[in-house]
Amino acid sequence: MIFLGFADDVLNLRWRHKLLLPTMASLPLLMVYFTNFGNTVIVVPKPFRVLLGLHLDLGILYYVYMGMLAVFCTNAINILAGINGIESGQALFISGSIIIFNFLELSGDYGPDHVFSLYFMIPFFFTTLGLFYHNWYPSSVFVGDTFCYFAGMTFAVVGILGHFSKTMLLFFIPQVANFIYSLPQLFHIIPCPRHRLPRSSNFTGKLGTLIFQVAEFMRVLDVRRERKDGDDYIECNNMTLINLVLKLLGPTHERSLTVIMLIIQVMGSVVAFGIRYHLVRLFYDV
Amino acid sequence: MLANMSPVPVLPLVISCCMSIFGCLATIKLIPAFRDHFISARLYGMDLNKTSKKEVPESQGVISGTVFLIILFCFIPVPFLSCFVGDQCMGFPHDEFVQLIGALLAICCMIFLGFADDVLNLRWRHKLLLPTMASLPLLMVYFTNFGNTVIVVPKPFRVLLGLHLDLGILYYVYMGMLAVFCTNAINILAGINGIESGQALFISGSIIIFNFLELSGDYGPDHVFSLYFMIPFFFTTLGLFYHNWYPSSVFVGDTFCYFAGMTFAVVGILGHFSKTMLLFFIPQVANFIYSLPQLFHIIPCPRHRLPRLNPDTGKLGMSYSKFKSKDLSKLGLLILQVAEFMRVLDVRRERKDGDDYIECNNMTLINLVLKLLGPTHERSLTVIMLIIQVMGSVVAFGIRYHLVRLFYDV
């Protein structure tokens, strides 16, 4: 994955490659899973047991899920980006959360799985710390897509082979929120410019009027309308979590903004731990 | 002798061939498709032996290497199919699985580091360090799977050393050096269109023939393992060769030399036939030995040592290294005189502005061939070099199957 990520940075591959490469790179992982465990049966969460029973064999869908996990983690980190230190910072805090989780679970039934995860997360944390040292505001270096691919795959690997992918996804709450908020632009329902870092852009809006109106109503989207040279122009903020924070707090200095985003990351992890150790009783027997 | 207990796994080999042929076609198609990406990324060079200044994409080894990796990633479960479908195996052969994964890891690392070298233009000491780093997974796999560091001593030395000799850690040093050697040996026999991919193609072809000859022997499984890597390597390199052959529309880059060198080292080490594999490297070894004075800067070494085009005749002639005779050390002078006496070096002397200048041909095998044959057209020269490669392989087979009796009991 590091190799393919570096090739992407150098050769500027297209979007379809950004989805294909993590899938290719995760093939060895899927093969190892297949030969070592081959287990595709999941325990059904309590609310769905009426419909699906206690266990459900996903079969090949389990492998699709694992392949998609690598693609998701990679790109989720990649799109929550644009301010100094956010990419390396978010990865640092996610890996830190995973390390804490692994240590908490060391003495449990699945201790060896968590030891395995630590073998990867500890070096990842410290090498990313070194990168963060140079990437923090003001950035003397940028991390590149290489880092997002590397981080995403490392998280996917420990989640899959450590058998805690659902908990790992809980640590991605800010990334998931950003992803959902970005969906209209990612699917080009609302036009998406090349860069969505904090600034706004002009365009003629046609599709997605409904999304506009709903989002504007819910106060999560800042919309301006103007008429110029006989055409109606609509301007809306780029739909990223960073922009949403700016909408709520007003213009902010870049360093403060990154600190706030990282605090959101930590809060997300706290919520994740809360869900994992308390709310979990609603869904599974522990 | 006991009958061979393990049958030849025909189905995985057939699947490997089919996937590899597909890989060859994919490589042929993908190389032109990414041309613009490479030019935009400024990964291109000018063909020094052509009069046109057309931009030629570099580092195309990364494309054939990626296709190779994808083929092998998809191939991972195939040798173990009998364990999933039909429950024919006793227990899952984890050690064979680890061997496959470890080998893939080493090759993948090497392609990555090779590509990084091409992009970032790393220094010479990195060219020695990177293959060593990338071969670490290989050494670890060897350590955990076999750990055997005892060699059989060749007959002439048995008086001194006995029948067996435990090399201990030196065995691992040898394996690490093998990767470094194979990588750089291919890298320095270069400079004319198609030579790098061509030599790798013929070396891998020789190894494939050797593997097939040994399939029914005692070490069949080792040679099957080697084929799993050599067959995809041969076909993806064939795709690359199609574009790299004269006149080259693409260059292979250091990426390819690293990739090829590591793949050969992997099959040689884990297939336990590294000495035979080195026999297939006879032209590369000869070139390396002939190059030593320049590699160690005993005789001055310019940036490029490839042959030079004579624009009037359209043929390639030797390239020369020119320097002042007072800059030459005593050792360098001795080597110069011995080589000139043995007629393997063309030396010219002149006096200019009060200084003595010496000019000698760059000490590469390609230049040596040009010295013996005179100026030659580039395509013919590459064909001759590849014929030398084939002849080297024939000699290698001769040594391996006949002269071997002088050194070992077979």
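Tabulated results
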read-out	value
Qualifying residues in the stretch B:69-78 (those that are more than 11 Å from B:Y228 (Cα to Cα) and assigned to a helix (DSSP H, G or I)) - the one nearest to the other protein chains (Cβ to nearest Cβ)	B:F73
Residues of the stretch B:121-174 classified as closer than 15 Å to B:L105 by Cα and not hydrophobic (A, V, I, L, M, F, W, C), total	5
Criterion violated by A:T146 - all others in (1) surrounded by fewer than 22 Cβ atoms within 10 Å (Cβ to Cβ); (2) modelled with pLDDT under 95; (3) over 24 Å from A:L19 (Cβ atoms) satisfied	(3)
Members of the stretch B:293-335 that are out of contact with any strand residue (DSSP E or B) (no Cβ under 8 Å at 6 or more places or on another chain) and of a type in the set (G, A, S)	B:G314, B:S329, B:G332
For A:F126: the one exception among (1) within 26 Å of A:V32 (Cα to Cα); (2) without any contact (Cβ under 8 Å) to a residue 12 or more places away in the chain	(1)
Residue match in the stretch A:179-187 (condition: in a loop (DSSP other than H, G, I, E, B), modelled with pLDDT of 80 or more and not β-branched (V, I, T))	yes
Filtered residue count, the stretch A:2-29, keeping only those that are assigned to a loop (DSSP other than H, G, I, E, B) and farther than 18 Å from A:I77 by Cβ	2
Residues of the stretch B:45-60 satisfying the condition of being away from chain A (no Cβ under 12 Å) and in contact with a helix residue (DSSP H, G or I) (Cβ under 8 Å, 6 or more places away or on another chain)	B:N49, B:E55
Boolean, B:I28 is in contact with a Phe, Trp or Tyr (Cβ under 7 Å, 6 or more places away or on another chain) and part of a helix (DSSP H, G or I)	yes
Yes/no for B:L113 being within 13 Å of chain A (Cβ to nearest Cβ), buried (at least 20 other Cβ atoms within 10 Å of the Cβ) and at pLDDT 85 or above	yes
Hits in the stretch B:116-135 - residues which are more than 12 Å from chain A (Cβ to nearest Cβ) and either without any contact (Cβ under 8 Å) to a residue 24 or more places away in the chain or buried (at least 19 other Cβ atoms within 10 Å of the Cβ) (or both)	B:N121, B:L122, B:R123, B:W124, B:R125, B:H126, B:K127, B:L129, B:L130, B:P131, B:S135
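The values are calculated or read from the model by the stated rules, or taken from the named source; none is laboratory data. What you see is a predicted model, and the numbers here were worked out from it, not measured in a lab. Glycine gets a Cβ as well: all are built from the backbone with ideal geometry, and neighbour counts include every protein chain shown.
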